[in-house]
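The values are calculated or read from the model by the stated rules, or taken from the named source; none is laboratory data. As the structure is a computational prediction, the values presented were derived from the model and not from experiment. Using ideal geometry, Cβ is built from the backbone for each residue, glycine included, and neighbour counts are taken over all protein chains shown.
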Amino acid sequence: MIDEPYEDAPLLPATRRALLHRLATGQSEGRAPSMVGAVMRDGRLVWSAGRGDFPGGTAATAGADGGVRAEDVQYRIGSITKTFVAVLVMRLRDEGLLSLEDRLGAHLDTPEGGDATVAQLLSHTAGLAAEARGPWWERTDGSLRPELADLFGDRAQLHTPGRLHHYSNPGFALLGALVERLRGESWYAVLRREVLEPLGMDRTTLAPVAPHAGGWAVHPWADVLLAEPAADTGRMAPAGQLWSTAADLCRFAAFLLNGDDRVLAARTLAEMRAPEGGPKDQGWTTGYGLGLQVMQRNGRTLVGHMGTMPGFVAMLLASPQDGLAGVALANRTSCFEAGAVAADLLTTVADLEPRIPAPWRPLTEVKEEHLELTGPWYWGAEPFALRLQEGGALELTPLGTGGRAARFRPEADGTWTGLDGYYAGETLTAVRSTAGDRVTHLDLGTFVFTREPYEAAAPVPGGVDAAGWRTAGAGDEGRGAPEETAPVR
């Protein structure tokens with residue numbers, strides 16, 4: 001069997017024109033001096049273009065007329081920096097140097113925020129103030145806030161930790177300090193060595209490196225520009241200091257979707273992408289994971305982050321189900337059109353060139369005790385199907401009009417742990433008979449699943465009515481129903 005090399009195929013001409021049209025519309029209607037867009041598909045940058053004025057005076061799409069390639073021009077990426085810091089923190093967790101449930105104060109001597117857990121800081125549920133003390137930190141030098149004690153104003157703790165989502169820039173400054181405390185060097189030096197270099201992101205830096213765009217404000221009622229400052233924010237840098245390019249952010253997006261064992265495993269990235277402390281059931285539209293924004297758009301779950309700094313707006317969005325990411329960078333203050341452009345670039349490719357499924361292939365290894373679990377199960381009278389996946393993972397799917405789906409990973413003790421939805425973190429156990437010759441039922445967080453609806457021989461909580469299933473109109477005198485009963489035989 002020969003597979004089509006889909007991942008190496010270029011985008012179709014109609015798709016490329018639709019992408020260029022969306023970028024051009026975004027730059028024009030957003031009144032941005034320049035805007036760059038890029039698309040990553042299955043780990044590779046497959047399209048990029050730029051509109052507007054670029055370093056050296058080039059005003060064209062990427063690489064035209066011998067000018068600089070737009071995908072390699074640096075822009076300030078603002079709060080996308082937070083996702084990089086979150087990756088560093090998750091590396092510390094995976095190495096066993098901290099737990100997400102640890103209080104920050106257990107690792108870092110800080111006058112504020114010490115009662116919050118690491119997970120609460122990563123998910124902006126620590127209840128800390130949104131902004132740093134003093135004048136607008138994004139436009140002022142970090143020397144105004146040299147120490148951790150200088151980060152917060154008079155009201156640092158606005159809400160009880162864990163109570164609600166409240167975005168906090170100083171909270172990520174504390175996480176940067178945590179990385180420094182446990183690694184013994186600056187957070188950016190750690191980022192360079194542990195993340196940027198392994199991923200080949202040599203154009204992502206703490207300060208701008210040519211070619212880079214200049215930051216501008218655009219007059220609201222006239223097409224004129226005002227230069228914005230590019231301050232070194234010092235202690236606040238982990239909240240929004242980095243500069244990067246569309247090409248580098250596409251590399252980062254591929255990592256966020258697929259993982260890289262040199263940096264973080266795919267399993268940890270999946271954990272970061274799950275919404276924390278917010279709605280997770282059907283109907284939710286926005287949330288926040290561990291250093292990642294999560295949103296629902298046109299039936300897709302997108303993950304990534306937006307970033308803003310004076311003179312710049314950046315957006316990175318990725319779709320795990322499509323293997324796609326869209327990136328948009330603009331050098332104008334408050335050009336929020338860039339966020340819509342990134343999302344539309346992604347969905348344009350997803351809609352016009354939907355992902356071709358990988359070829360079906362049988363599992364490489366199957367244990368008989370796992371295969372025994374597959375097939376129909378019933379929670380009460382509700383039907384479900386349990387399917388076996390690669391590596392002994394299980395997938396529970398409702399077969400009726402309701403019910404909760406979930407995926408489960410196998411554990412060394414023979415149980416499984418829920419990965420998503422209502423059963424996230426819950427334990428699934430296959431309970432065997434006393435003789436050990438068969439599985440009698442499944443226990444999922446105390447819910448009993450049986451091979452038959454309300455199977456009489458199974459340990460169904462509350463027991464099963466000895467009269468069994470009945471026909472219409474039959475009842476039980478003790479329950480106020482007619483005397484005659486008609487059990488199903």
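Having 3 or more residues that are in contact with a Gly (Cβ under 7 Å, 6 or more places away or on another chain) is the bar; report the strands (runs of 3 or more DSSP E) wholly within the stretch 343-404 that clear it.
On the way: elements: 375-379, 382-388, 394-398.
Passing ranges, in order: 382-388.
Which one is nearest to the chain's Cα centre (by Cα) among residues in the stretch 130-159 that are in contact (Cβ under 8 Å) with a residue 60 or more places away in the chain, within 21 Å of ALA227 (Cβ to Cβ) and surrounded by fewer than 17 Cβ atoms within 10 Å (Cβ to Cβ)?
Here the residue is ARG139.
Let's see how each residue does on (1) in a loop (DSSP other than H, G, I, E, B); (2) surrounded by fewer than 19 Cβ atoms within 10 Å (Cβ to Cβ); (3) polar (S, T, N, Q):
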| site | (1), (2), (3) |
| --- | --- |
| ASP223 | yes, yes, no |
| ASP232 | yes, yes, no |
| GLN241 | yes, no, yes |
| ASP248 | no, no, no |
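One residue is enough: does the stretch 127-137 have a residue meeting the conditions in contact with an Asp or Glu (Cβ under 6 Å, 6 or more places away or on another chain), under 21 Å from GLY289 (Cα atoms) and in a strand (DSSP E or B)?
Keep residues of the stretch 127-137 that are in contact with an Asp or Glu (Cβ under 6 Å, 6 or more places away or on another chain), which gives none.
No, every residue in the stretch 127-137 fails to be in contact with an Asp or Glu (Cβ under 6 Å, 6 or more places away or on another chain), under 21 Å from GLY289 (Cα atoms) and in a strand (DSSP E or B).
Here are some residues: THR427, THR434. Which one is buried (at least 16 other Cβ atoms within 10 Å of the Cβ), over 18 Å from GLU368 (Cα atoms) and without any contact (Cβ under 8 Å) to a residue 24 or more places away in the chain? Before you say what the answer is, go through the steps one by one.
Numbers: THR434 fails: buried (at least 16 other Cβ atoms within 10 Å of the Cβ).
Of the residues listed, the single one that is buried (at least 16 other Cβ atoms within 10 Å of the Cβ), over 18 Å from GLU368 (Cα atoms) and without any contact (Cβ under 8 Å) to a residue 24 or more places away in the chain is THR427.
Is there a residue being free of Cβ contacts under 8 Å to residues at least 12 places away in the same chain, of a type outside the set (Ser, Thr, Tyr) and closer than 30 Å to ARG145 by Cβ anywhere in the stretch 307-319? First the steps, then the outcome.
Initially, the stretch 307-319 is screened for residues free of Cβ contacts under 8 Å to residues at least 12 places away in the same chain, giving none.
So far as the stretch 307-319 goes, no, none of its residues is free of Cβ contacts under 8 Å to residues at least 12 places away in the same chain, of a type outside the set (Ser, Thr, Tyr) and closer than 30 Å to ARG145 by Cβ.
Okay, residues lined up against (1) out of contact with any Ser or Thr (no Cβ under 8 Å at 6 or more places or on another chain); (2) surrounded by 19 or more Cβ atoms within 10 Å (Cβ to Cβ); (3) in the same structural domain as PHE84 (by TED's automatic domain parsing):
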site: THR286; (1), (2), (3): yes, no, yes
site: GLY307; (1), (2), (3): no, yes, yes
site: ASP322; (1), (2), (3): yes, yes, yes
site: VAL327; (1), (2), (3): yes, yes, yes
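Can you name the residue in the stretch 188-197 that is out of contact with any Phe, Trp or Tyr (no Cβ under 9 Å at 6 or more places or on another chain) and not small (Gly, Ala, Ser) and, of all such residues, is farthest from VAL85 (Cα to Cα)? Let's see the steps before the verdict.
Looking only at the stretch 188-197, we keep the residues that are out of contact with any Phe, Trp or Tyr (no Cβ under 9 Å at 6 or more places or on another chain), and these are 188-190, 192-194, 197.
When the remaining residues are screened for being not small (Gly, Ala, Ser), the result is 188, 190, 192-194, 197.
Values: TYR188: 9, VAL190: 10, ARG192: 11, ARG193: 13, GLU194: 11, GLU197: 15 Å.
Here the residue is GLU197.
Looking at the stretch 50-65, is at least one residue in a loop (DSSP other than H, G, I, E, B), of a type in the set (S, T, N, Q), at pLDDT below 95 and on the phi < 0 side of the Ramachandran plot?
Restricting attention to the stretch 50-65, the residues satisfying the condition of being in a loop (DSSP other than H, G, I, E, B) are 53-54, 58-63.
With of a type in the set (S, T, N, Q) added as a condition, the list becomes 58, 61.
If we keep only those that are at pLDDT below 95 too, we end up with 58, 61.
Within this subset, residues satisfying the condition of being on the phi < 0 side of the Ramachandran plot are 58, 61.
Yes, there is a match, as at least one residue in the stretch 50-65 is in a loop (DSSP other than H, G, I, E, B), of a type in the set (S, T, N, Q), at pLDDT below 95 and on the phi < 0 side of the Ramachandran plot.
Out of the residues in the stretch 349-366 that are exposed (fewer than 12 other Cβ atoms within 10 Å of the Cβ) and charged (D, E, K, R), state the one that is modelled with the highest pLDDT.
ARG361
Name the one entry in PRO383, PRO398 that is more than 30 Å from PHE312 (Cβ to Cβ), outside the structural domain of ALA246 (by TED's automatic domain parsing), surrounded by fewer than 21 Cβ atoms within 10 Å (Cβ to Cβ) and out of contact with any Lys or Arg (no Cβ under 9 Å at 6 or more places or on another chain).
Matching residue, one of PRO383, PRO398: PRO383.
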